[in-house]
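What follows is a short report on a single structure.
The values are calculated or read from the model by the stated rules, or taken from the named source; none is laboratory data. Not measured: the values here are computed from a predicted model. With ideal geometry, Cβ positions are generated from the backbone for all residues, glycine too; neighbour counts draw on all protein chains shown. Each accessible area value is taken on the protein alone, full model and side chains, heavy atoms only, with ligands, DNA and RNA left out. Shrake-Rupley method; radii C 1.70, N 1.55, O 1.52, S 1.80 Å.
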Amino acid sequence: MERPLNRIVTLDEFIMRSQKEHSAATGELTGLLRDIGVAAKIVNREVNKAGLVNILGVDGAQNLSGDIVQKLDIYANDKLIECLQNSGECAGIASEEMQDILPFKPVVGKHPKYVVLFDPLDGSSNIDVNVSVGTIFSIFRRKSDETGPCNLEDFLQKGTEQVAAGYVLYGTSTILVYTTGEGVNGFTLDPSIGEFCLSHRDIKIPDRGIYYSVNQGYYLKFDLEMRRFIDQCSDMNLGLRYIGTMVSDIHRTLFSGGIFLYPNTRKYPNGKLRLLYECNPMSFIVEQAGGKAINTGLDRIMEINPEELHQRATIVAGSPDMVGEMIDFVRKYSAVSSV
Ligand code: AHG
Ligand code: MN
Ligand code: MN
C-alpha cells in the first residue's frame, strides 16, 4: 500500500491489495466491497441524471419510519440488492426501506459469511432540489451457521462488531469512503473512466473545527442541556452548517472538523437517525478517523445493543476535542441542575 498518490489506484486494486496483506482473507469481503462499488456507480448515474428523466418525485408511499419515500430511494435499494445478490458473497441484507431482513437464496458452492445493512439513499428530501445525497453501508460477519439462511440475530449486532462500513456521497464529485477497521480511505469517482480512484488516503479528522451542525430549527424541542450546549457553540463563534443529509454533514465534519448533532426532539424522543443503517456505520468511520461518536446519554454509539432493526438513536459525532467538551459540558450541567 506504499504507492505514491501520483499513480492512479482504483478501488478494486486497493481492496485486492488490502486483501493480500491479510493471509487469512478469503476474498469474500473484497467481493462484497466491490459489489457495493458497482451499485454505487449505477446509483450515481441515476442521481446525476435525476433532473433529466422523470424518476424524480415522491411516489406516494411512506417508509417504515413514516418518512416520504422517493423513487430514487427504491431504485437505489433495488440496485444494491441486485449487486449484492449476484456475487453470492452476501447471506442477506437489511435496508432502511424494508420492514424485514432479506435472506438471499444460496448460490451453488457458496457459504457466505457476511450480511450487509444499508441506507440506500440518505438525504432523500434533498433529491428534488439538487442537493447532495448519499448511500451508507455496514457489514457484519453473521452469527448463524454459514450453510443455512441468515437470521435476524445476524443483523442485531453492536456496532463494535462491524467488519466494514462506509458511505458514498453523490456531491460535487462522487466519493466512496470506507473502513475495514484499519483507518479510513476515500475514492473519488472519475466519470471519464468510470472508476473510483484513491484520492484521500488514511483520512484523519481534525481535533477541532470551526463548525457545528444541527437542525437549529428544532432548538426549542431539544432538552435544556442540549440547548445550552448549542448556545455555547454559538458563543464560541462556531459557524452553523447543516445540509440535512447525514452523509454530507458527516463528510464535511470528517474533513474540516466540527461537531454533528441529532438529539432527541418531542417528535423523535429517541432521536431520528437509525442506529443500524446510519449511526453505527458513520460512527465506525468517525472513530477510525480519530473522532468520537456518542449518543446524548453519553454512551458510545457502537456499544449500544440493538433490539430491533429500525431502532433510532440520538447522535453526537465529530472532532475528538469537541465531542469531549460536549461530554464535559453535559456532565457538569446535569450535576449543577440536579443540585
Ligand atoms: P433519509 O433520507 O435516509 O431518511 O435520512 C434523512 C436523515 C439524515 O440524512 C439527515 O441527517 C436527517 O434525516 C435530517 O433530518 P431533519 O430534516 O429532521 O433535520
Ligand atoms: Mn438516511
Ligand atoms: Mn434513506
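Shown is the FRET efficiency for ASN237 and THR10, computed with R0 = 41 Å from the Cβ-Cβ distance and rounded to the nearest 0.05: 0.45. Accessible area per residue for the stretch 211-333 is 39 Å², calculated with a 1.4 Å probe on protein heavy atoms, without ligands, DNA or RNA.
Greater than 18 Å separation of Cα atoms is the criterion. Which listed pairs, LYS113/LYS143; LYS204/LYS292; LYS41/LYS79; LYS71/LYS105, meet it?
Over 18 Å apart, Cα to Cα: LYS71/LYS105.
Near GLY92, the amide H atoms lying under 5 Å from its own belong to PHE104, VAL116; only residues 5 or more places off or on other chains count, and H is placed 1.01 Å from N. A dipole drawn for the chain from +1 and -1 charges on Cβ atoms has a positive end, and of ILE203, SER138, GLN85 the residue lying farthest that way is ILE203.
Compactness ratio for the stretch 93-198: Cα radius of gyration over 2.2 N^0.38 Å (N = residue count) comes to 1.23. The stretch 11-200: percent of C-alpha pairs farther apart than 27 Å? Here the long-distance tail beyond 27 Å is 27 percent of all Cα pairs in the stretch 11-200.
Rolling a 1.4 Å probe over the protein heavy atoms leaves SER18 with an accessible area of roughly 30 Å².
When only alpha carbons are used to place a centre, the stretch 302-339 and the stretch 221-239 end up 14 Å from one another.
Which value, in debye to the nearest 20, describes the size of the charge dipole of the chain about its Cα centre when Lys and Arg Cβ atoms bear +1, Asp and Glu Cβ atoms bear -1, and nothing else is charged?
440 debye
By a 1.4 Å probe calculation restricted to protein chains, MET322 has an accessible surface near 10 Å², given to the nearest 10. Between the amide H of GLU195 and those of ASP190, distances stay under 5 Å, these residues lying 5 or more places away or on another chain, with hydrogens modeled in the peptide plane. Taken about its Cα centre, the stretch 211-333 carries a charge dipole of roughly 380 debye when the Cβ of each Lys and Arg holds +1 and the Cβ of each Asp and Glu holds -1.
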